[in-house]
Each structure stands twice: as C-alpha cells, then as structure tokens.
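Here's the structure we're looking at; comments come further down.
The values are calculated or read from the model by the stated rules, or taken from the named source; none is laboratory data. Just so we're clear, the structure is a prediction, and the values are computed from it rather than from any experiment. Cβ placement follows ideal geometry from the backbone for every residue including glycine, while neighbour counts extend to all protein chains displayed.
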C-alpha cells in the first residue's frame, strides 16, 4: 500500500506537481488541516484549501480562502446545499438568499411548505427584481398560495398569468373582468370556459366563448352543429336566435377589423346571418300554425309573418323552411280575412308543389271553399301593407320595399306588420351628432310678432330663416331610388323627440325613423335594435321575460348580482355566464 502511494507521489512529481501541493495532501490525510491549507496557499493553490474546508463542512475557515463576489456566492450555495442535505430547509433557504439565488430559495420554500417565508420574500422584493418575483410567484402557486401569486403577477403587470390563476381557482367573475379590461387575457379566460361549457352540454355558451377566445374555426363548427340540430328538431326559433348570435359576432369582428376588405366581408356575413335570423324567427309561428291543431296567433300576424318570409327569401329557401308551409299558411289566413284573390294565388302555387299526403285533404277542402266564395266580397285591399312615405297601398306580397317610392318598410318583429315609421336622414353637411342635437332642441317659432310701430300701426314680421315645410308630407319624387326623406336643419328642429327612433349600432350607419302615428308609439330593443310597437314589446317582456328576438332579459341584474350573473346573453358586455349560475342555455 505504501509502495503504491510512493509510486503515485513520484509520478506526480515527475508530472510537474509542486512539492508543497503534495505535502499538503499528505498533511490533510494525517489530520493536519491547517498545515495543509497553509501549504496550498504557499504555492497559490487557494482553491484546494477551499475545497478541503468545504469537504470538512468548515465553512467559516473556508471563507478565508475565497475572494469577494462570485467566489463568496459559490461558497454560500455549497453551504446551503449542505444545510439542505442535513434537513435544515430554513437555514438552507436563507443561505440561498444570501448567495442571491432566489430561484433555488423559492423552490426550497415551496417544497418544504414554507409559505410564510415565501409571502415575506414576495413583500420584500421590489418591482425592479422582475425575474426574482416571477420565481417567487411560481413557488407560491406550487405552495398553494394562488391569491398571493396573483398579487405578485399583478405587480409585474402580467395580467395573463393573473387570468390563468383566476381560471384555475374557478374565480370566473374575476377572470371575465380581466378579459374585459385586458384584451391579451381573452384567450386565457374564454378558451377554458368554452371547454367547460361544452363538457356541461351548454353548447350555446361554448360557441360564444370559442368566438371570444379567437377560435373562429371551432366556433363556426359548433355553430353549424347547433343550427343543424335546431332545424332538424324543428326548433326554428332557436335557429333564428343562433343566427342572431352569429350576426352579432360578425358585427363585433367588423368593428375590430383593420382592413376595409375584412370589414366588408364581416358586414356581408352580418347581413346574411341577420336575414336568416329574421326568417327563422318568423317561420317558427308559420310552422306551428301549419303542423299544430291550434294556434294562439291572430290571422293577421300569421299572414304578415308568412309574406315577410317570402319577401326575404332568395332563390332557394334556407334549410328547413318549406315553401308549401308558407303558401298554405298564407292561403289559410288570406281566406280567413276574405282576401280571396291572394288565397287563390297561393293555392295555385301549392298546386305546383308536391303536397304531403297528410295535407292532401285539407288543401282540397281549402280549394273548394276558396272557389265557392268567388262571387263574394273580396277584401284584398284591406290586407295590403300601407307605405307611410307615399301613403299608397303596396301589393299584398310586397313586404320589404314600396314599389312606388322605394321606401324600405319597417316591420314589427312581434307581429311582422308594417310600422308607421318613415326613415329619414340629415341633409348633406349635417352630422349625426348635430342632427340629434337639433331634434332634442325646442322648435323655433314659425313667426314672431314685433311690437314695433311703424307709422302708428303694429307690424307682423315673418321670420323667413325658419323652414316651416314638412319634408315627410312633400310629394314623392318618382325618380328617387333611395326612398329616404332628407331633412334640413329647420325640419329637424320641428321634429318631436318622442316621435323619433334612432338606431345607432357601429360600425353600421345610424338609422333614424319618424313615427307618423305618435298615438301608436313604437320602440326598438336596446340590445338587438329590432323594431316593435311599444305595447307589443311590453307584452312580450311580461309574458316571456325577454325580448322575443334577441332573448335579452327584461330586467338588468342588480349591482350586487352583476358579477355573479354576468352572461354572454347580454350583448352589451362580452362576458359568459358564470358556471356557478344555474341558468341553462335554453
């Protein structure tokens, strides 16, 4: 053994090893550690002395052989590792911190459950130590302190992480608030919410959440499935509601579009889905009228709904919409209202279709009744819509635009009858804001009586600056293809605010209507902006509890319930229903 040691030492001498180094090792083996360290230092090998004392866990002695800066930090780390090895986590964490190794200190605190130390460390670190604060926040999450970790991330301005923690903790109200206030959080909030809603079979909420998360492909796939199921199950009102939701999403996309091409495409998609929403919404009552034995709807409402759909249809009807049902409903209601000519027209169209077997007998009976009443009084003129712009009756099947003055007819989406509304716009040079201001002002007097006495007589002076003409009563220009009344400043001043309905939904152009029958007030839903008679709209709100078209609830939630019941059904705020809310999709 000794011979082998001598041979080993001899080889080291021959390799150029200094004698003092070899003597230091010999003295270390003999237990003379101080002499060994001095021998190492005598030839400038302080690192060997340092390693000697570190191996012996004599860290105070080892400090004599390290310099400032990195060497001292390395010694502190090795000392911390030793403390960790001997199961002294608190001391080890403090040593890591002394060495400036916040990451290892935070990891050790999390592993050993030292939450108090982590929280204290998070409070001591300033915002400038962003890297260290992130390590502490990650450790706080591992230690089961997500609230404190969220506070740390909020100090750093990392709201994406705050949103992720809120979602993981199930704090959906806070997550939705973050998504509203910080756009970068939307995907982190709405995507997991969409997955959760899909797992709970709340697919309408899931589709809206996918859209808000930016997953447009997934949102469209879910929407297609939902609409297909609704049509297949003959839930046409639900199909219309789904198309309305998609139309609103297209409108939001258009408002956020960067290029004109994207904006125009989104607006076209909006118009397409809004048209389908109105078709399915109206077709629901038509379908039930034909297929159910009883209907609570009035004949006028059913006839209005059927011809409203016919006016909106393109070459091919949407999936699930039956032309036979439309013609049969229209012919039945026309017969009930003694509009025999219209009834015969619809029956002629039915004869050109394949009549379902179960309707053969009823159609034949209806044909006999209609032909038998040929000599009777026909009231087709009474069911023809009235254009309130030119005061002329349009053909019975003309339900969207007057063929004489080209004015777009406004319909109530409760009964689908033509409302006494005439669309107008301010003259060139008058902005929308100025037009609203003029309407809200009190009208100027048409004439002023001056008490001036000229030659001893009172003189009546006419103010010629006031335009007293009413453009709504002017003769219609047959060459006008727009059909919209143009109002000057004087005409706007004469309008009563109570008779004006304004629909302003960016990025669409504002639309203004004047009610030509103020004694029959009309209104627009504040969320879907569809038009109704005020009485019909209030009845729908009372009976159904929501708007008949967009299904927005009649009453807003109380302030203390807003966070608990935030919903995507509210078009005014893009926030999904909280999972804690028991309200179902349908």
Close pairs (7 angstrom Cβ cut-off, 6 or more residues apart or separate chains): in a loop (DSSP other than H, G, I, E, B) in region 106-131, at pLDDT below 80 anywhere: 112/89; 114/89; 114/90; 114/93
Residues of region 478-502 satisfying the condition of being farther than 21 Å from residue 405 by Cβ, within 35 Å of the chain's Cα centre (by Cα) and surrounded by 15 or more Cβ atoms within 10 Å (Cβ to Cβ): 502
Index of the failed condition, residue 282 passing every other in (1) under 26 Å from residue 360 (Cα atoms); (2) at pLDDT below 95; (3) touching a helix residue (DSSP H, G or I) at 6+ places or on another chain (Cβ under 6 Å): (2)
Test: residue 365 is loosely packed, with under 14 Cβ neighbours inside 10 Å, touching a helix residue (DSSP H, G or I) at 6+ places or on another chain (Cβ under 7 Å) and either over 24 Å from residue 495 (Cα atoms) or modelled with pLDDT of 90 or more (or both): no
Selection within region 416-436 - touching a strand residue (DSSP E or B) at 6+ places or on another chain (Cβ under 9 Å), assigned to a loop (DSSP other than H, G, I, E, B) and farther than 24 Å from residue 540 by Cβ: 427, 428, 430
Enumeration of residues in region 317-339 that are farther than 12 Å from residue 279 by Cα and out of contact with any helix residue (DSSP H, G or I) (no Cβ under 6 Å at 6 or more places or on another chain): 323, 324, 332, 338
Failed condition for residue 445, given (1) more than 17 Å from residue 389 (Cβ to Cβ); (2) modelled with pLDDT of 55 or more; (3) touching a helix residue (DSSP H, G or I) at 6+ places or on another chain (Cβ under 9 Å): (3)
Boolean, residue 284 is within 14 Å of residue 236 (Cβ to Cβ) and in contact (Cβ under 8 Å) with a residue 12 or more places away in the chain: yes
Filter result for residue 315 (more than 32 Å from the chain's Cα centre (by Cα) and not in a helix (DSSP H, G or I)): yes
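Go through 247, 239, 254 for me and flag whichever is in a helix (DSSP H, G or I), in contact (Cβ under 8 Å) with a residue 60 or more places away in the chain and under 17 Å from the mean Cα position of the chain (by Cα).
After applying the criteria, what remains is 254.
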Test: residue 196 is closer than 22 Å to residue 92 by Cβ and part of a helix (DSSP H, G or I): no
Filter result (without any contact (Cβ under 8 Å) to a residue 60 or more places away in the chain and either crowded, with 17+ Cβ neighbours inside 10 Å or touching a strand residue (DSSP E or B) at 6+ places or on another chain (Cβ under 8 Å) (or both)) within region 510-521: 521
Condition met for residue 120 (surrounded by fewer than 16 Cβ atoms within 10 Å (Cβ to Cβ) and over 21 Å from residue 187 (Cα atoms)): yes
Sole exception among (1) surrounded by fewer than 16 Cβ atoms within 10 Å (Cβ to Cβ); (2) modelled with pLDDT under 75 for residue 80, by number: (1)
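Residue under question is residue 413, and the condition is that it be modelled with pLDDT of 90 or more, closer than 30 Å to residue 313 by Cα and assigned to a loop (DSSP other than H, G, I, E, B); does it hold?
yes
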Some residue of region 466-483 being within 30 Å of residue 249 (Cβ to Cβ), outside any strand (DSSP E or B) and at pLDDT 90 or above: no
Of all residues making up region 199-215, the number that are without any contact (Cβ under 8 Å) to a residue 24 or more places away in the chain and either assigned to a helix (DSSP H, G or I) or surrounded by 18 or more Cβ atoms within 10 Å (Cβ to Cβ) (or both): 3
Odd one out for residue 507, checked against (1) surrounded by 14 or more Cβ atoms within 10 Å (Cβ to Cβ); (2) under 21 Å from residue 278 (Cβ atoms); (3) out of contact with any helix residue (DSSP H, G or I) (no Cβ under 6 Å at 6 or more places or on another chain); (4) at pLDDT below 95: (3)
Test: residue in region 259-278 that is modelled with pLDDT under 90 and surrounded by 15 or more Cβ atoms within 10 Å (Cβ to Cβ): no
